[in-house]
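The values are calculated or read from the model by the stated rules, or taken from the named source; none is laboratory data. Quantities reported herein were computed from a predicted structural model and do not represent experimental measurements. Cβ coordinates were reconstructed from backbone atoms using ideal geometry, including for glycine residues, and neighbour counts include every protein chain displayed. Quick note on the areas: whole protein, heavy atoms, side chains included, nothing else; ligands and nucleic acids left out. Shrake-Rupley method; radii C 1.70, N 1.55, O 1.52, S 1.80 Å.
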Amino acid sequence: MEKNTQERHRLYEDAMALVLGTLFVSLGMYMYAKVTLLVGSLAGLSLLLSYVSSYGFAPIFFLINVPFYILAVRRMGWPFTARTVVAVALVSAFSRFTGDVIDISRIDPIYATVIGGGLVGTGLLMLFRHRTSLGGINILALFLQERFGLRAGYFQLAVDLCIMAAAYFVIPLDRLALSVLGIAIVNLIIALNHKPGRYAGWSW
């Protein structure tokens, strides 16, 4: 479908998707952190590093994304990169303060896996449909989908499995298994709902 036949997103639509999408992702990752699970992509790697270091998720997630902005500028353009930088900053900020507004004393790990994965997947879908990502592997996945037609969800799933292999040495085996299930949920949501040509909206 040619770009000029697509419906352009309005500024307030992009802004709403940006805020709600990052809120969904932050809440999902908060639930995962409560039961020591991992999400995928650089967010999962950042969680993994936070488990083995004295640094929190928010600063690690923000800093680890910086090198990928170069690819975003060169391949996806400045508007996409600007939205991505804002999205990463919002997830970092929301993740830092979610614990101040929500206090979950107990959550079943299986429930956290399903609902947390659903929140993260839906949040990413909102961002992807407004040409925004959460940096890192998301940028590469969107580039490969737009350039070569490779499904973003399937590519991310392969990368996420590599992160899970590294997590084998850090988190308990039962939480690792649940993390793999959560990653499958996230990426299936994206793969089944973000196909090339299915969604006609676009942003500058």
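Things worth noting here:
- The condition (being on the phi > 0 side of the Ramachandran plot and surrounded by fewer than 21 Cβ atoms within 10 Å (Cβ to Cβ)) is satisfied by just one residue among T122, T36: T36.
- Qualifying residue in region 19-38 (condition: assigned to a helix (DSSP H, G or I), over 22 Å from I104 (Cα atoms) and not hydrophobic (A, V, I, L, M, F, W, C)): no
- Within the set I163, I183, the sole residue that is over 21 Å from G21 (Cα atoms), touching a residue at least 24 places away in the same chain (Cβ under 8 Å) and not basic (K, R) turns out to be I163.
- Qualifying residue in region 168-181 (condition: at pLDDT below 85, out of contact with any helix residue (DSSP H, G or I) (no Cβ under 7 Å at 6 or more places or on another chain) and open to solvent by 10 Å² or more (accessible area, probe 1.4 Å)): no
- When region 43-91 is filtered for residues that are in contact with a Phe, Trp or Tyr (Cβ under 8 Å, 6 or more places away or on another chain), closer than 24 Å to C162 by Cβ, open to solvent by 10 Å² or more (accessible area, probe 1.4 Å) and at pLDDT 85 or above, the ones remaining, listed by number, are L49, S50.
- Number of residues in region 111-141 that are at pLDDT 85 or above, small (G, A, S) and more than 18 Å from L20 (Cβ to Cβ) equals 1.
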